[in-house]
Amino acid sequence: MSPHGLSPHTAWPVAALLGLGAVVDGSVEERPRTALPATLRAAAARALGRVVTAAGLPAALGPAARRATVRASRTGGGDPAARDLVRRCYRTGRVWRGALLENSRYPDMAAEVLALRGTHPLTAPATVLAGHDGSAGRGALRWLARQADLADRLGARFEVAEPAGHLVMLDRPDQVARAVLTAGEPGRGQRLA
């Protein structure tokens, strides 16, 4: 199972090995590419992480940035995480440095998984579950089309969780659980005709 964002790149090989899978509002990169070498991007991310931490930005902005990001990524409700836990975690530079490093390697991981899909197709039943806020905006409809295309390329079933933002697991936990639990059932997690 892949909750969102970068995770489909790491969860896909695991799902292929274990014989199960659900990609939940995952990142879709049709043609990943980079302008700079990975080592340079990683070094820049490390340096920026040190500067951001030394400047005190995580302590000043971390918890508020986390809460704002979660609110913006949902169709309803705030951040369900305990405030004291968010403060302890997001006031340190560790999360910021980790996010910067993760995102510096994102294009490489996307390209690696794309190449892996070409040589080792997913044979396990899978479901791509896309969050949709219910709007008819071009961006939202384009996102759904890209998620449907991902499902087609994986030979997976495509489902829409609505209403849901990018953090589908918070907006529609019941639908996420159902997608995971039923992916291997007959008629589920199979390519839709």
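When region 172-193 is limited to residues that are under 13 Å from Gly155 (Cα atoms) and crowded, with 19+ Cβ neighbours inside 10 Å, the one that is modelled with the lowest pLDDT turns out to be Gly189. List every residue pair whose Cβ atoms sit under 8 Å apart, with the two residues 6 or more apart in sequence or on different chains, where the first one lies in region 42-69 and is more than 15 Å from Leu101 (Cα to Cα) and the second, anywhere, is acidic (Asp, Glu). Listed pairs, sorted by first residue: Arg66/Asp79; Arg67/Asp79. The helices (runs of 4 or more DSSP H) located wholly in region 75-193 that include 3 or more residues which are within 30 Å of Leu61 (Cβ to Cβ) occupy 83-90, 93-119, 138-154, 168-171. Checking each residue in region 62-82 for being more than 18 Å from the chain's Cα centre (by Cα), small (Gly, Ala, Ser), farther than 15 Å from Gly131 by Cβ and surrounded by fewer than 15 Cβ atoms within 10 Å (Cβ to Cβ) picks out Ala64, Gly78, Ala82.
Just one of (1) of a type outside the set (Val, Ile, Thr); (2) over 30 Å from Asp133 (Cβ atoms); (3) assigned to a helix (DSSP H, G or I); (4) over 22 Å from the mean Cα position of the chain (by Cα) fails for Ala35. It is (3).
The values are calculated or read from the model by the stated rules, or taken from the named source; none is laboratory data. In this text the structure is predicted, and so the values were computed from the model without any measurement. Backbone-built Cβ (ideal geometry, glycine too); neighbour counts: all protein chains shown.
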